Every structure is written in structure tokens, then in C-alpha cells.
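The values are calculated or read from the model by the stated rules, or taken from the named source; none is laboratory data. Computed from a prediction, not measured in an experiment: that's the story for all the values here. Glycine also receives a Cβ, built like all others from the backbone with ideal geometry; neighbour counts cover every protein chain displayed. Just the protein is used for accessible areas: all its heavy atoms, side chains included, with ligands, DNA and RNA removed. Shrake-Rupley method; radii C 1.70, N 1.55, O 1.52, S 1.80 Å.
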Amino acid sequence: MFVIRLFRQNPIPFAHPHTPSNRCFCYSKLRDHYAFESPPSLSPKPPPPELKPRQNKPLKPRYKPPSSLDLADKKPKHSDLPFDFQYSYTETSLSVRPIGLREPKFSPFGPGRLDRKWTGVCAPAVDPKVSSLESTEDPKLEEKRRVMWENIQGEPLTGAERKTLVETCQKKKTKRQINLGRDGLTHNMLNDIYNHWKHAEAVRIKCLGVPTVDMKNVCTQLEEKTFGKIIHRHGGFLVLYRGRNYNPKKRPFIPLMLWRPHEPVYPRLIKTTIDGLSINETKEMRKKGLAVPALTRLAKNGYYGSLVPMVRDAFLSCELVRIDCQGLEKSDYKKIGCKLRDLVPCILVTFEKEQIVVWRGKDYQPSESECFLTVRESFDDVDGNTNCVDNDDDNQNFDDECSDSGFQSGNNE
């Protein structure tokens, strides 16, 4: 009883076994016998680790997405193509001088990506430093184009070879096709044609809309700009052959246009008064032209290859011709009127109420020198014999394609 009371008066302080105060009361001989030392993690105050001097790591560069405008270490690319670069080769004529530009002369190929300077209309191949709107073509360029075309084409195709290529380009044999629309033969379309020539020797091209008014110009520009040859034509369908000596690995470099440049400002097509007439006579002629029965009605995105011969034949019996263009874009029937003015030739009277009214003029003489492509074109064989590649089966297939595509010059009224 006395011991318990004494213990309650002087209690032994409780301490953690790893604290220094506990070592005084609880001493063990195991430390001396086994030379045991507690690990640093169990020691009351482990020694501080040696602090190493902090090294400043280089900061990672910030992520920068790839951009086509980053030309810090790039030089302007050079193209050996011997012609001026334009947005559209069939719908733009360098012979007509514009009266102004709608935007600054920013190159559509991108800043510093091409060694040709953009003049607002084209990128001339002659002098990269030219700053005027007109581009004088070097006489050597035409000779260079002719030599390149002859080297790529090589020997002409025989009738059997041409027939085989035309059959492989039919709609039932392949779905590969290039569509040529209201903008005509554009610059980036050249790259598409070369991409098709990687897989086949010939490519099918389907022409629609405004460019089909002058198919002769379309065929000429295709052969000059691609150095190929058209081996078949039926309506708006063309078969473009790449050439016997064409090598896809040595294709010319074609820089792509990154955006569509704005069209420059050209003189007005319709003047206040027609040349040779007074103001009152011009007003009366416009009223009379709108009252004339329509020669034809143009379908949207149709084939207009027979429009020029129709207008020429109509001028033999009447002096005013009206063409109904309801449903067409305003820019489309204005381009059609401009082509008729140059090809027929004739005088534009008005574009009011979605109509094209043309006048043959006072001293009209039908032009017999101008020849246009027929609906179906024949080609010459190597021996000089006319080879009609278009047999009955081929004609039927292409007729079906034309009917499916809606290639119509219009509905006669």
C-alpha cells in the first residue's frame, strides 16, 4: 500500500522510446553487445543532407505551330515554266489592260515564297522586278515552250494506242476526272493534272459553264500550260494525254496559290451610247432588243459550245439577238457577253433583266475565216490517215455522260 502511494506521489514520466529522456530510464546492453546503431530515419535529428548548388536548367522553347509564312531560313523558290502565272488562263487576257486594282499587289503565292513579282494580274516569267501591269513576253519563251512540248510528247500515238487510252478514260472504266468550271483553267488545276498523270497516262476533263463558249481556247491553253495533248474531245469532255516521254519524277515545279486574288477593274462593257448612235436611238434599240423573241435560254452550268454559231446564223436574218440568262450569276452572263463580242463579233446592247442583247452593227459581214471545233473531233494517224477514234460504243458512252451532266446550250423558244 505504501509503495503504491509513493508511486502515485512521484510518477515516472512517460516518454517515447526514441526520445532522449527515455534513454536515461531505459538503458539496454544490446547497444554495447551488438554495436547497434539506429538508422538515420529513426534518429531524433538526422543530419541535414548536403545541399548541392542548384543548377539553372535551360528553359524549353515555347511550342510554335508550323506556318507556311515562316520563311526565316527559306529562300524563294524558282520555277522553270516558260509562261506567266495567272489565276485563270482561259478567263483572263493579258491583251486587255485593266484601269485599276481592287487590292494592293500582294502575291497570292505568299510573301517571299516565289522569285516572281506579282503585278496585280500575273507573275511574269521574263523580269521578276517588273512593276507595271503590262508584261512583255520574251520571244524566246514561245520557242522554249515548243521545244519542251516536242521533247515530252515524242512520237505521235497510233490509232490503236489512242483508242485504248480513250477507252480507259470512259466513265464506266474509271472515276478519275477533273472538273473545269466557271473559273476556267486555273493555276492550281495544273498541279491536279500532274497528280492524275502519276497514276494514268491520260486524264478525263469535264468542262462546264462559261469557258465552254470558246472550247478552242480551252484546248489551246490546256496543251500549252500542261505540255500535254488532247487526243479526244466530245462536247465538253476532253481526254488529255501526258506524252510518250513524260517522266513523273521530273515534273516541273508548280507553286500553289494560297488564295484567290481579286479581279482588277476593267472598262465597262455597256456604254451609255452605242458607237454611231445617239442617246435616243440607243434607248429605242435597248427597248426593241428586250422585246425580241429569245434565241435560246442558257441552262446553269451547261455546255455553251454551240452558242457562237447560233448567234452568227441568227444575224443573217435579224439585227438584234436576245439570249435568256435567267438563273445564271450576273458575272457569268457578263463574261458570256464579252466572249460573244470578241468571237462573233457583235456589239453589246444591254444586260438588263438577266438578258444578253447584242447588235450585229451597221456594216455586218459574216466571218467565214473563224472556225470552231465541232462537237466530235477526229484525229490524224501517224500515216496521215484520218482515224475516227469515236466508234459507236465510245460515242454512246460519251453521249450518256453528256446527257447525265446536263450539257445543254439551252431550250430553244
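Okay, here's what the table says:
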item	result
Failed item in (1) over 30 Å from the mean Cα position of the chain (by Cα); (2) more than 30 Å from CYS122 (Cβ to Cβ), with GLY327 passing the rest	(1)
Residue list for the stretch 316-329, filter: in contact (Cβ under 8 Å) with a residue 24 or more places away in the chain and either outside the structural domain of PHE351 (by the TED database) or open to solvent by 60 Å² or more (accessible area, probe 1.4 Å) (or both)	LEU316, GLU319, GLN326, GLU329
Output for the stretch 280-297, where each listed residue is open to solvent by 30 Å² or more (accessible area, probe 1.4 Å) and not aliphatic (A, V, I, L, M)	ASN280, GLU281, LYS283, GLU284, ARG286, LYS287, LYS288, PRO293, ARG297
Filter result (part of a loop (DSSP other than H, G, I, E, B), farther than 30 Å from GLU352 by Cα and free of Cβ contacts under 8 Å to residues at least 40 places away in the same chain) within the stretch 245-269	ASN247
Residue within the stretch 213-228 that is open to solvent by 10 Å² or more (accessible area, probe 1.4 Å) and in a strand (DSSP E or B) present	no
Selection count where residues are touching an Asp or Glu at 6+ places or on another chain (Cβ under 8 Å), closer than 30 Å to ILE323 by Cα and crowded, with 19+ Cβ neighbours inside 10 Å, scope the stretch 235-273	1
Selection status of ASP313, among the acidic types (Asp, Glu), on the phi < 0 side of the Ramachandran plot, open to solvent by 90 Å² or more (accessible area, probe 1.4 Å) and not in a helix (DSSP H, G or I)	no
Test: ARG97 is touching a Phe, Trp or Tyr at 6+ places or on another chain (Cβ under 9 Å), at pLDDT below 90 and either open to solvent by 100 Å² or more (accessible area, probe 1.4 Å) or over 20 Å from VAL126 (Cα atoms) (or both)	yes
Matching option when the condition is out of contact with any Lys or Arg (no Cβ under 8 Å at 6 or more places or on another chain), in a loop (DSSP other than H, G, I, E, B), farther than 29 Å from VAL311 by Cβ and open to solvent by 40 Å² or more (accessible area, probe 1.4 Å), among LYS173, LYS163	LYS173
